[in-house]
Amino acid sequence: MNRTALKNYSLPELEAWVESRGERRFRARQLFRHLYARQASSWAQCSDLGKAFRAELETETRLDVLELVATDTAVDGTTKYLFALSDGHTIEAVYIPDPPRHTLCLSSQAGCALGCRFCLTGTLGFKRNLDAGEIVDQVCQVQRQLNPVARLTNLVLMGMGEPLANYDAVIRALAILQDPNGLAFSHRRITLSTAGLVPQMQKLGQDSPVNLAISLHAADDAIRTDLMPINRTYPLQTLMAACRQYPTPPRKRITFEYLMLDGVNDGPGQARKLIKILHGVRAKVNLIPFNEYPGAPFASSPQDRIADFQETLLKAHITATVRQSRGAGVGAACGQLVAQYG
Ligand code: SAH
Ligand code: SF4
């Protein structure tokens, strides 16, 4: 029998499901609390549900939808979790402790169809979209592992996959993760990163106030198209116009991720072009040293060139930070754990 994956349901949907089974509506809130506030690992733990209902849940539903297959912890505490989906595909989530911040980087797809040349996930190709429950369960299962030592405070959709290419499941997962009866993440603590799917970005602006990050990585079309084929469909002018029109809530800014690739996009001319295209956008720039992996077609820019690039942006009054490299030794680049074990 196909068991119902309850982590796919928002609270109103769970209420409808509970009622359709002849149970009282308030049971849904109880279930929701067990699933999310308590990260229950079996229905046997949920004694307030009544024995008969628990027995039904046991046979007819699935509590966990992911199977944790491997973990890998770096000296700085960054931990990769490798999960198997029910059809055998694998995905990863990365926990990054930086107290008081405890961030989890989530996957939205198994693989990715966009084929960015620097990205290991991209070179692995597209397997399938995750459903909402599979996105949400990454948070539940990692939180269960961290209990009671740490509590996740921030979520970033920056793992495997392009979240805006799996729009409906991502929006549904965000609603579940933000529900005050469950994990109760504030939209201020959730960031979605996209390679720049313009129509879905416009939709997201209407549907959700989460923080937006754009993987920019180049300030001219020739270089960006070479790195990211999606730039052919949504070139910089289109992308930046969408950023300018994005309904960024007050006090929020769009984050622009910019990989520092040795000799490719890291010169002073590129920094000046970046300043130009960011004109009129409430922006902050995050410079990301490239995480090298065996066979990678790029190398990271040297530190002094990254510092010069940052300096040029700062002089133009653009907030620019350099991302600390985390997780050394556990294959910190996007998609690496899967390549290692999958
Ligand atoms: N598909 C989305 C989100 C997942 S990728 C996007 O592209 O934004 C998350 C971030 O990791 C992106 O900015 C991506 O460019 C970056 N990334 C991919 N491979 C990397 C590597 N080897 N080193 C550093 N960052 C990498
Ligand atoms: Fe996909 Fe993002 Fe990797 Fe590009 S960088 S291939 S969009 S996951």
> Would you pick out the residues in segment 158-171 that are in contact with a Ser or Thr (Cβ under 9 Å, 6 or more places away or on another chain), part of a helix (DSSP H, G or I) and over 14 Å from residue 138 (Cβ atoms)?
Replying inline: 164, 165, 171
>> With of a type in the set (A, V, I, L, M), assigned to a strand (DSSP E or B) and under 22 Å from residue 206 (Cβ atoms) as the only criterion, which of 174, 155 stands out?
In response: 155
> How about segment 115-131: which of its residues are of a type in the set (Ser, Thr, Tyr) and either open to solvent by less than 20 Å² (accessible area, probe 1.4 Å) or in contact with a helix residue (DSSP H, G or I) (Cβ under 7 Å, 6 or more places away or on another chain) (or both)?
Replying inline: 121
> Any idea which residue in segment 146-171 is least open to solvent (accessible area, probe 1.4 Å), counting only those that are away from ligand 2 (no atom under 16 Å from the Cβ) and at pLDDT below 95?
Replying inline: 147
>> Being without any contact (Cβ under 8 Å) to a residue 24 or more places away in the chain and more than 16 Å from ligand 1 (Cβ to nearest atom) is the requirement here; does residue 222 meet it?
In response: yes
> Can you tell me which residues in segment 17-33 are touching a residue at least 12 places away in the same chain (Cβ under 8 Å) and open to solvent by 10 Å² or more (accessible area, probe 1.4 Å)?
Replying inline: 17, 21, 23, 27, 29, 30, 33
>> Quick test for you: out of 164, 204, 192, pick the one residue that is in contact with a Phe, Trp or Tyr (Cβ under 9 Å, 6 or more places away or on another chain), among the hydrophobic types (A, V, I, L, M, F, W, C) and without any contact (Cβ under 8 Å) to a residue 60 or more places away in the chain.
In response: 204
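One line per residue, one yes/no per condition, for (1) surrounded by fewer than 23 Cβ atoms within 10 Å (Cβ to Cβ); (2) more than 16 Å from ligand 2 (Cβ to nearest atom):
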{"position": "54", "(1), (2)": "yes, yes"}
{"position": "65", "(1), (2)": "no, yes"}
{"position": "75", "(1), (2)": "yes, yes"}
{"position": "82", "(1), (2)": "yes, yes"}
{"position": "89", "(1), (2)": "yes, no"}
{"position": "99", "(1), (2)": "yes, yes"}
{"position": "106", "(1), (2)": "no, no"}
{"position": "113", "(1), (2)": "yes, no"}
> Can you tell which of 178, 206 is more than 12 Å from ligand 2 (Cβ to nearest atom), at pLDDT 95 or above and touching a strand residue (DSSP E or B) at 6+ places or on another chain (Cβ under 8 Å)?
Replying inline: 178
> With respect to the numbered conditions (1) under 18 Å from residue 135 (Cβ atoms); (2) at pLDDT below 95, which one is the sole condition not fulfilled by residue 81?
Replying inline: (2)
>> Can you tell me which residue is farthest from the chain's Cα centre (by Cα) among those in segment 189-214 that are closer than 17 Å to residue 231 by Cβ and among the hydroxyl-bearing types (Ser, Thr, Tyr)?
In response: 194
>> Quick check on my filter: what residues within segment 261-315 are assigned to a strand (DSSP E or B) and open to solvent by 60 Å² or more (accessible area, probe 1.4 Å)?
In response: 284
>> Being within 30 Å of residue 290 (Cβ to Cβ), at pLDDT below 95 and aliphatic (A, V, I, L, M) narrows it down to one residue among 74, 110; which is it?
In response: 74
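The values are calculated or read from the model by the stated rules, or taken from the named source; none is laboratory data. Owing to the predicted nature of the structure, the values given are computational and were not obtained by experimental measurement. Counting neighbours? That spans all protein chains shown, and the Cβs are built from the backbone with ideal geometry, glycine included. Each accessible area value is taken on the protein alone, full model and side chains, heavy atoms only, with ligands, DNA and RNA left out. Shrake-Rupley method; radii C 1.70, N 1.55, O 1.52, S 1.80 Å.
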